[in-house]
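Here is the structure we will look at, set down as structure tokens.
Values quoted throughout were computed directly from the atomic coordinates according to the rules given, and no laboratory measurement underlies them. Being a predicted model, the structure only gives us computed values, none of them experimental. Reconstructed Cβ throughout: ideal geometry from the backbone, glycine too, with neighbour counts over all protein chains shown.
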Amino acid sequence: MHRRIFSHPILDFKRGKPVKIYFEGKEIQAYEGETVAAALVANGIDVFGESYKRNRPRGFYCAIGKCSSCVMIIDGESNVRTCITPVREGMKVARQHGRGDPKW
Amino acid sequence: MVETDFLVIGGGPAGLSAALEASRRGVKTLVVDEGIEAGGQLLKQTHKFFGHEGFYASVRGFEIAKEILNSLGDNVDILTMTTVTGVYEDVITAYDRNADKMIEIKPRFTLIATGASERFIQFENNDLPGVYGAGAVQTLMNQYGVLPGERVLMIGSGNIGLIVSYQLLQAGAEVKAIVEIANKVGGYEVHANKIKRFGVPIILRHTIKKVVGDQRVEGAIIVEVDDEFNEIPGSEKELAVDTVCIATGLTPSIEIAAMAGVELQYIPELGGYVPYRDENMRTNISNLFIAGDVSGIEEATTAMIEGSIAGLVVASECKKLDLTEEIASMKKELSEFRSGPFSEKVRSGLKKFSIDYPTYSYRDSVQRQEPPKGKLVPVIECNQAIPCNPCQTSCPTGAITVSGNINSLPEIDYNKCVGCGVCVMKCPGLAIFMIQENAENNTDVVVIPWEFALPEKGEAVIALDKDGEPVCEGEIFKVVKSSNKTHLVYLKVPTGHGRSVRNFARLQREDNRYVCRCEEITEADIEKAIEQGFTDFEELRRYLRLGMGPCGGRTCRLNALSILARKTGKKISELGHGVFRPPAMPIKFESLLKGEKSHGE
Amino acid sequence: MGNDYRVVIIGGGIVGCAIAYHLTKLGEKSVAVFEKNYLSSGATGRCGGGIRQQWSSLNNVLLAMRSVKHFERFSEEVGMDIEYKQGGYLVLSYTDEEAVEFEKNVKMQREAGLKVEILSPKEVERRYPYINTEGVKMATFCQSDGHANPHLAAFGYARASQKLGADIFTHTKVVGLERLCDSRWIVHTTNGSVKADVVINAAGAFSREVGKLAGVDLPTESYRHQIFVTEPLKDFFDPMAISFSGNYYMRQTKHGNFVMGQGDADEKAGINYSVTFRFEKELSRKMARIFPFLRKLRIIRHWSGHYNMSPDAQPIIGESPSVRGYYYAVGFSGHGFMLAPAVGEAIAEMILYGKAAHVDVSDLNVQRLKGGVVKEKNVV
């Protein structure tokens, strides 16, 4: 399924430079200026992780950095709010299962 | 440490308006906003605003944001991707997530314009991916150009639910239904009509019971409710949707105001707990103001006016200016906007802060003239008192009047009307059409305000009524493109249907009429490619791989040529026939090798 | 048709379209392309579609590497999915002499920043059990090589440049070039005449004739090359397989068909669009031996195109030293498709900024051919 809106009667989407990011090791297409969440959803990826108590699937919810439903592991760092984090070339994005891992 | 005259927390309609009014008068202003760009909800609003043209009526929200941002002068600094995290005794702090650092701010005056957050409602599996707030859907769809799914169930028929449904249709999604727990539509009738005429049902007295799905939404079960909103067992229905969009209301984002020590009061009419403020938008703390949805859930135009009032008051105190008149005129503006029936809740809520508005009279019912037969004239289908008048102000001949208060219903004088169609393009509710009954050759003409991909002149369509039901066949005979993107589509229908036709459906040729069997290329694929500009038969073949399958073009060549001839108006003989390449039937490698020996063997 | 352009490009193949695209992308909107037939009707639409960076000359390596950068973002940037796949190029050597050459080439390629592997016949067999390695001495492999659909690439560049302001005229042949006293050009076509500051010869197989229109003698000659394609199979064959000593190349397209070809040393210079059965027999015999799975597969279409050869098998790129305002990007010697993105960019930069900014192409002008030539050897 292709979810990117390419022609719109009112809006003109000015997408930035294409960049590649990696979701669970798989390369996906994103555009500079968009958030990780937007890029994932555009690629048909709705499940971003798993809740910590009941292992429920989790995706984005508020899209403005408030609800933390969309946290993922980005370049090894857990708990990153993907709905307000812009994509970066080569970024490695992984599902977060429950609580984030400590890093030292 | 950043010192500033005026800190504006939140760069949405209220905050930006305040920044504009204050900075214009010399106040050094710092706007802090969480978004990737400032503008708040305006950035996601693709519809034209109601109101009057002095306050951006008929301008689309995202364009309003651009206009305001462009008119901000040097006195304003905007920090985006920055969140105010606390109002401490010593400083106000903000986190700049771009630079990953904290900023300490010491302002003389502060405006909290943090807006609202969405209400979550409870139903089974409401935490699954695919259940999203309407704001989130708007962010994803209108800011990033990404659809959350293909088939959507909208929960709630307030203005947000209606507007977002329409936006989803524009972006190419299907809206299966809107469910509304109450027994009537919550938002403006004109917004509801915009989606009803696309056949989207608004199912009243229903709510969502459960989402079906394992990893994400795969369907939704809705249920009827009784007068006390209790579910009626046995009335469940399942809808095949992949997205559930929740638009059941907003609540003020009061966290920062609360931390700052502003008194809070629970006022359900304003959306929950709201910070105290007076008519000047001042809280109980003398240099702290609030404006917009954080001060009570309403809409963007009143947020802009509230922000402007706050900005003017701050300017008058910070720069010791006499702005009594300007402030008074803004307040008058606000009270006029709030004089209609849709503002009743807000008025009664504000009474609890002892803010009273005078009663205005406005015309809320109108007996409009019958449109004269034979003449192309507008029919105005705006029957709810809402604060809006661009039909009047845009009419070049003065044929339309919104008399007295801005909430009055418009009237039209067909003697003055010349049928120019400007009101049809301007009307923010897309509630004005034009009809010409008994035009010629037993046809009626209907002109439809159109905000979707444009149809072609000469295209045959199915004419639909106000509920999206097919009425008759029609033909597009004229398309007038408008710079505001509400285009006019002129439709011819058989006489007698002009009064009922309000929309049309483009004939969707089934996309399984194959022309090339080898490469599975349909008639629609070919037509689309031709429309994209592949009108040279050779280019068309190579673009689509027509004839590149094992049959070598036997099946498709002539059919493809005749489609091309039809679409381009050329003769087949002018188009050429393309090349023919050997072998004329597929030949196995090993068969080739069994033939005569190669040279030199 | 406008009647005055800054730049006129002769030839609507991949090279002409790439130049038009890069010019308009860099802001030069006054661009016209004249194509005597339809877009991609020449060598572009007839070629194998390979995109290779493993060359014996550094110039070609650098140009190809830059092109790959463009191909990697083509679909997003230009807005057309060109079926690009980086399945690698497996270059098989059948002679000891060539194997020695390859080792030198790989050293040079690696120094240029290319990731190239040297594979033993055993390793080739392990990775590609469907290839018969009999007679193979060694192979080299570069994963970032690949292939794409040349028609779509040309259409993509053409459409994108039109969106940015270029005018493209197909079925419009340039029949004369006239120099005005203010050093501008009048370009006479079969559909009227236009003025231009700069004329670019991107005429592929017809580069020599188009050179003559301006009095520029380009040392190129066109040779027919034949190619055929099979019915499709499931997608399993990742690399483009090629051999210079074995004289073949083959790839599987996104649609599952196998496209393959070989060179013919007996071919005479000149334009010839016919095809020979001899070619079908020779190539199928050879390929069925190396790729046994082909035996049961059917050939469905066979056609020919031309390599526009230069004396050293490297492209001739630049502004004519004798006729200013006349540029050419010709003589690609069978490799125009894969080099076009970088060359289009370089030509656009030369015209707009006086110098190519991304790849140094100053060694590729016609003057290099004055002395002895060092021939690119990696050509089928």
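Excluding same-chain residues fewer than 8 positions from B:LYS571, which aspartates and glutamates have a Cα within less than 18 Å of its Cα?
Candidates past the 8-residue exclusion: B:GLU527, B:GLU531, B:ASP536, B:GLU538, B:GLU539.
What's the percent breakdown of Cα-Cα distances in the stretch B:19-84 across 5 Å bins, shortest bin first?
Histogramming the stretch B:19-84 at 5 Å steps yields 4, 17, 22, 23, 19, 13, 2 percent.
In µm²/s, what is D for the stretch C:234-378 at 10 °C and 1.306 mPa s, where D = kT/(6 pi eta Rh) by Stokes-Einstein and Rh is the Kirkwood radius from Cα pairs?
The estimated diffusion coefficient comes to 89 µm²/s.
Cα axis of helix B:300-318 to longest principal axis of chain B: angle in degrees, 0 to 90, nearest 10?
Approximately 40 degrees, to the nearest 10.
Sorted by average packing, counted as other Cβ atoms within 10 angstrom per residue and highest first, what order do B:181-191, C:123-133, C:191-201 take?
By packing density, highest mean first, the sequence is C:191-201, B:181-191, C:123-133.
Starting at the first residue of the stretch C:256-262, write each ³J(HN,Hα) from the Karplus equation 6.51 cos²θ - 1.76 cosθ + 1.60 with θ = phi - 60°, in whole Hz, x for Gly and Pro.
x, 6, 9, 10, 8, x, 8
When a/c is below 1.5 the answer is rounded, else prolate if a/b is larger than b/c, else oblate, so apply that to the stretch B:195-242 with a ≥ b ≥ c taken from the square roots of the Cα gyration tensor eigenvalues.
Note, shape of the stretch B:195-242 comes out oblate.
Return the long-range amide H neighbours of C:TYR84 (sequence gap of 5 or more, or a different chain), with a cut-off of under 5 Å between placed amide H atoms.
Amide H to amide H, under 5 Å and 5 or more residues apart or across chains, C:TYR84 pairs with C:ASN149.
Give me the log10 of I(q) over I(0) for the stretch B:120-248 at q = 0.21 Å⁻¹, as the Debye formula computes it from C-alpha points; what are the numbers?
Taking Cα atoms of the stretch B:120-248 as identical point scatterers yields -1.23.
Using the C-alpha gyration tensor of the stretch C:86-189, what are the square roots of 5 times its eigenvalues, in whole angstrom, with the largest one first? Don't skip to the end; give the middle numbers.
Values: eigenvalues 414, 70, 40 Å².
Largest first, the stretch C:86-189 gives 46, 19, 14 Å.
Work out Dmax and Rg for the protein assembly as shown from the C-alpha atoms and quote the Rg first, both in angstrom.
34.0, 107
Where does chain C land on Rg(C-alpha)/(2.2 N^0.38 Å)?
Dividing the Cα Rg of chain C by 2.2 N^0.38 Å gives 0.97.
Taking the Cβ of each residue in A:TYR61, B:TYR362 as the centre, tally the other Cβ atoms inside 10 Å and list the residues starting with the fewest.
B:TYR362, A:TYR61
Could you pull out the pairs from C:LYS137/C:LYS286; B:LYS478/C:LYS29; B:LYS196/B:LYS528 whose alpha carbons sit more than 24 Å apart here?
Exceeds cut-off: B:LYS478/C:LYS29; B:LYS196/B:LYS528.
The stretch B:249-324 to the stretch B:182-246: how many Å between their Cα centroids?
Value for the Cα centre distance between the two parts: 34 Å.
Within 10 Å of each Cβ of B:5-17, how many other protein chain Cβ atoms are there on average?
0
Under 20 Å between alpha carbons, and skipping anything fewer than 8 positions from B:LYS28 in its own chain: which lysines qualify?
Cross-link targets: B:LYS106, B:LYS319, B:LYS320.
Only counting other Cβ atoms within 10 Å, I'd like C:SER243, B:SER482, B:SER403 sorted with the fewest neighbours first.
Working: C:SER243 23, B:SER482 16, B:SER403 13.
By the 10 Å Cβ count, ascending: B:SER403, B:SER482, C:SER243.
Sorted by mean Cβ packing within 10 Å, highest first, what order do the peptides B:113-123, C:222-232, B:299-309 take?
The densest-packed peptide leads the list: B:299-309, C:222-232, B:113-123.
Enumerate the amide H contacts of B:VAL244 below 5 Å, restricted to partners 5 or more residues apart or on another chain; note that Pro and chain-start residues carry no placed amide H.
The answer is B:VAL131, B:TYR132, B:LEU153.
Stokes-Einstein diffusion coefficient for the stretch B:377-506 at 10 °C in a medium of 1.306 mPa s, Rh from the Kirkwood formula over Cα pairs: what value in µm²/s?
Estimated diffusion coefficient is 106 µm²/s.
Averaged across B:543-549, how many Cβ atoms of other chains sit within 10 Å of each residue's Cβ atom?
Mean inter-chain Cβ contacts per residue within 10 Å come to 4.
Starting from the exponent 0.38 and prefactor 2.2 Å, build the expected Rg for the stretch A:18-97 from its residue count and divide its actual Cα Rg by it.
For the stretch A:18-97, the normalised Cα radius of gyration comes out at 0.97.
Of B:LYS176/B:LYS485; C:LYS268/C:LYS370; B:LYS567/C:LYS36; C:LYS234/C:LYS296; B:LYS48/B:LYS351; B:LYS373/B:LYS485, which pairs sit farther than 21 Å apart, going by alpha carbon to alpha carbon? Before the final figure, lay out each step's value.
On the way: B:LYS176/B:LYS485 25 Å; C:LYS268/C:LYS370 24 Å; B:LYS567/C:LYS36 24 Å; C:LYS234/C:LYS296 14 Å; B:LYS48/B:LYS351 30 Å; B:LYS373/B:LYS485 29 Å.
B:LYS176/B:LYS485; C:LYS268/C:LYS370; B:LYS567/C:LYS36; B:LYS48/B:LYS351; B:LYS373/B:LYS485, as the Cα separations exceed 21 Å there.
Given a Förster radius of 30 Å and the C-beta distance between B:ILE232 and A:VAL47 as r, what FRET efficiency does 1/(1 + (r/R0)^6) yield to the nearest 0.05?
Working: r = 34 Å, r/R0 = 1.12.
Once rounded, the FRET efficiency stands at 0.35.
Sort out for me the Cα centre separation of the stretch C:139-166 from the stretch B:74-111, rounded to whole Å.
When both Cα centres are located, 48 Å separates them.
Across the stretch C:28-36, in residue order, what do the Karplus-derived ³J(HN,Hα) couplings come to in whole Hz, using 6.51 cos²θ - 1.76 cosθ + 1.60 with θ = phi - 60° and x for Gly and Pro?
8, 8, 8, 9, 10, 10, 10, 10, 6
Which cross-chain or sequence-distant (5 or more) residues have an amide H under 5 Å from the amide H of B:VAL8, H modelled 1.01 Å from N in plane?
B:LEU30, B:VAL31, B:VAL32, B:LEU111
Please give the helix B:13-24 orientation as an angle from the longest Cα principal axis of chain B, in degrees from 0 to 90, rounded to the nearest 10.
Helix B:13-24 sits at roughly 60 degrees to that axis.
Show me the trypsin sites (Lys or Arg not before Pro) within the stretch A:47-93 that DSSP assigns to loop and that have at most 12 other Cβ atoms within 10 Å of their Cβ.
On the way: sites: A:LYS53, A:ARG54, A:ARG58, A:LYS66, A:ARG81, A:ARG88, A:LYS92; in loops: A:LYS53, A:ARG54, A:LYS66, A:ARG88.
Sparse-neighbourhood loop trypsin sites (Lys or Arg not before Pro): A:LYS53, A:ARG54.
With an 8 Å Cα cut-off and a minimum separation of 6 or more residues, compute the relative contact order for the stretch B:511-601 in percent.
Values: 91 pairs, mean separation 22.7, N = 91.
It rounds to 25 percent for the stretch B:511-601.
Please give every one of the aspartates and glutamates within straight-line cross-link reach of A:LYS14, meaning a C-alpha to C-alpha distance under 17 Å, and leave out same-chain neighbours fewer than 8 residues apart.
Reachable aspartates and glutamates: A:GLU32, A:GLU34, B:GLU37, B:GLU63, C:GLU76, C:GLU77.
What does the charge add up to near B:ARG566, with Lys and Arg as +1, Asp and Glu as -1, over the other residues with Cβ less than 12 Å from its Cβ?
Values: positive: B:LYS567, B:LYS570, B:LYS571; negative: B:GLU523, B:GLU527.
Net charge in that neighbourhood comes out at +1.
For a quick check, take a GNM of chain A with Cα springs below 10 Å and name the residue from A:CYS62, A:CYS83, A:CYS70 with the largest mean-square fluctuation.
In this elastic network of chain A, the residue with the biggest mean-square fluctuation among A:CYS62, A:CYS83, A:CYS70 is A:CYS62.
For helix B:324-337, what angle does its Cα long axis make with the longest principal axis of chain B, in degrees from 0 to 90 and rounded to 10?
Taking the Cα atoms of chain B, the angle to B:324-337 is about 50 degrees.
Please pull out the direction-averaged projected area of chain B, using the convex hull of its alpha-carbon atoms, in nm² to one decimal place.
On the way: hull surface 155.9 nm².
Average projection, Cα convex hull of chain B: 39.0 nm².
Kindly write out, for the stretch B:93-108 in residue order, the coupling ³J(HN,Hα) from the Karplus curve 6.51 cos²θ - 1.76 cosθ + 1.60 (θ = phi - 60°), rounded to whole Hz, with x marking Gly and Pro.
10, 9, 10, 8, 7, 6, 8, 6, 8, 8, 10, 9, 10, 10, x, 7
Quick one: among C:GLY87, C:GLY42, C:GLY305, which has the greatest mean-square fluctuation in a GNM of chain C with alpha-carbon springs under 10 angstrom?
The residue that fluctuates most here is C:GLY87.
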